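Derivation of every value follows stated rules applied to the coordinates shown; laboratory data play no part. Predicted model, so just to flag it, every value in this text is computed and none were measured. Quick reminder, even Gly has a Cβ in these numbers, built from the backbone with ideal geometry, and neighbours come from all protein chains shown.
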Amino acid sequence: MDMIFAVAGAMFLAYAGILMIYYHMRLKERHEKTSKLMLNGVTSFRRGVYEKALAYFKIAYQHSEKIKDYPTMAEALYHMGLVYQEQDEVENAVVMFHAAAEIYNEINDAAGVEKSNKAADSLKS
């Protein structure tokens with residue numbers, strides 16, 4: 001009887017280990033997807049293709065929101081603000097910078113809060 005419990009316990013531990021590996025790989029895939037979206041957005045932004053950049057940042061935001069990746073959510077909002085700033089859509093830019101600052105504040109990212117607030121303040125002058 002003890003042998004049965006030992007085998008069952010070993011099988012349970014092996015199954016749990018496999019599940020942990022599976023979920024770790026899925027999480028990594030999700031973060032890689034978001035990173036690629038952000039990279040495509042930044043590349044488009046630097047090339048001056050603002051509508052495309054904005055689309056990438058919006059998708060990156062939505063995807064990071066689904067997986068609760070708050071740092072990327074904030075970065076996506078910040079970059080959307082930069083796009084709106086370049087398009088002279090000051091009100092939209094300020095809204096994005098403030099939204100980014102809120103998330104940065106929630107995750108205790110002081111540098112993120114500072115850069116977002118500086119960007120918003122520079123547009124109010």
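Need the full-extension length gain, K66 to D121, defined as separation in residues times 0.36 nm minus the C-alpha distance. One decimal, nm.
16.8 nm
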(request) Report, ordered by chain and residue number, the aspartates and glutamates lying within cross-link reach of K68, taken as a straight Cα distance under 18 Å and ignoring same-chain residues fewer than 8 apart. (result) E29, E32, E102, E106, D109
(request) Please report, in debye to the nearest 20, how large the charge dipole of the stretch 30-124 is about its Cα centre when each Lys and Arg carries +1 at its beta carbon and each Asp and Glu carries -1 there. (result) 440
(request) Beta carbons within 10 angstrom, averaged per residue: use that to sort the peptides 76-87, 47-58, highest first. (result) 76-87, 47-58
(request) Starting from the Cα gyration tensor of the stretch 30-124, take the square roots of the eigenvalues, sort them a ≥ b ≥ c, and report rounded, prolate or oblate (rounded when a/c is under 1.5, otherwise prolate if a/b is larger than b/c, else oblate). (result) oblate
(message) I want to check the label-to-label distance for K36 and N108. Put each point 7 Å from Cα in the C-beta direction and report it in nm to one decimal.
(response) 3.4
